[in-house]
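Read through the structure below, which is laid out as structure tokens, and then see the notes.
Bear in mind that the values in this text are calculations on the coordinates, not laboratory data. It should be emphasised that the depicted structure is a prediction, and the values quoted were computed from it without experimental measurement. Here the Cβ positions follow ideal geometry from the backbone for every residue, glycine too, while neighbour counts run over all protein chains shown.
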Amino acid sequence: MDIFSVIGIILALLALVGGSILKGAGVSSLWSSAAFVIVILGTVAAIMVHTPPAVFKRAAAIVAWVFRPPSSDRATLVAQIVEWSNIARKQGLLGLEPLVNEQPDAFMKKGLQMLVDGLEPEAIRHMLEIDLSGQEHEDLAAAKVFEAMGVYAPTLGIIGAVFGLIAVMKNLADPSKLGHGIAAAFTATIYGIASANLFFLPMASKLKSVINHRSREREMIIEGLIAIAQGENPRNIESKLAGFLH
């Protein structure tokens, strides 16, 4: 669990509610069904037009990474790769075959299988880098969905405010409705700007950070597997991979 993200979301909500109370607007001023429909549903509609279905599905699948990133322990991973290199030196590459099906990660499983199959180091590197590049591209495209939502939401907030002001202009003959109408008009602007800057854009940045971390980890796996394929000394492999721990 990424406790920073959880605390950030809680603080964002407290900032909105607390700010509204301290400014004298009250909590009730933050709720507007019309603003919700225009800004939130409008943003979702815009992003559905903007995004291919496959990318949209991937974005929905990885949004949980904001709060629960994929588990990662590079030090343990380095130790595992060094252990594989020791097995390979003692038993040959075929000694790693029983470990292939034990790997929970598809990327590591594929790399280890290629190692057992005796592929040339450059062939292993080439195929794994293609996999890495493709997955990274797919995940970054998914993260940009939330970035795009952060662009659309403020604009839709302005549209909501304009609709509200149009309603106010229609009631100029009744001064008692003007104050409430103008306040309601600007609620949509709050929805748009707040959702973009407190939620959508920070979520996109967090996802990009997680994706970069995963890619760096997989680069480490590739280097480790190539080193094993080339028959490098386990101590040298450990020293080489230590650079990825920083």
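Tabulated values for the structure
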| item | result |
| --- | --- |
| Added length on full extension, which subtracts the Cα-Cα distance from 0.36 nm per residue, ASN212 to ARG235 | 5.6 nm |
| Whole-Å semi-axes of the chain's equivalent ellipsoid (Cα gyration tensor) | 54, 18, 11 |
| Potential lengthening between LEU245 and LEU14 on full extension [0.36 nm per residue; Cα-Cα distance subtracted] | 79.5 nm |
| Sorted by Cβ neighbour density within 10 Å, fewest at the top, the residues ARG125, ARG68 | ARG68, ARG125 |
| Estimated vicinal HN-Hα couplings, Hz - region 210-226 in sequence order (Karplus 6.51, -1.76, 1.60; Gly, Pro = x) | 5, 4, 4, 5, 5, 5, 4, 5, 6, 4, 5, 4, 4, 4, x, 5, 5 |
| Fewest-first sequence of SER239, SER32 by Cβ atoms within 10 Å of each Cβ | SER239, SER32 |
| Length-normalised contact order for the chain - Cα pairs under 8 Å, 6+ apart - percent | 31 |
| Ranked list, fewest to most other Cβ atoms within 10 Å of each Cβ, for THR43, THR189 | THR189, THR43 |
| Summed residue charge, Cβ within 12 Å of ALA141's Cβ, Lys/Arg positive, Asp/Glu negative | 0 |
| Whole-Å distance, taken between Cα centres, linking region 8-84 and region 185-224 | 8 |
| Calculated FRET value between ALA106 and LEU165, using beta carbons and R₀ = 45 Å, to 0.05 | 0.25 |
| Inverse of mean 1/r across different Cα pairs in region 141-244, Kirkwood, Å | 17.7 |
| Loop-located chymotrypsin sites (Phe, Trp or Tyr not before Pro) in region 14-67, at most 10 other Cβ atoms within 10 Å (DSSP) | TRP31 |
| Which listed pairs, of LYS90/LYS110; LYS109/LYS240; LYS23/LYS144; LYS23/LYS208; LYS110/LYS240; LYS57/LYS170, have C-alpha distances above 31 Å, in listed order | LYS23/LYS144; LYS23/LYS208; LYS57/LYS170 |
| At R0 = 22 Å, FRET efficiency that the Cβ-Cβ distance of GLU129 and MET48 yields, to 0.05 | 0.10 |
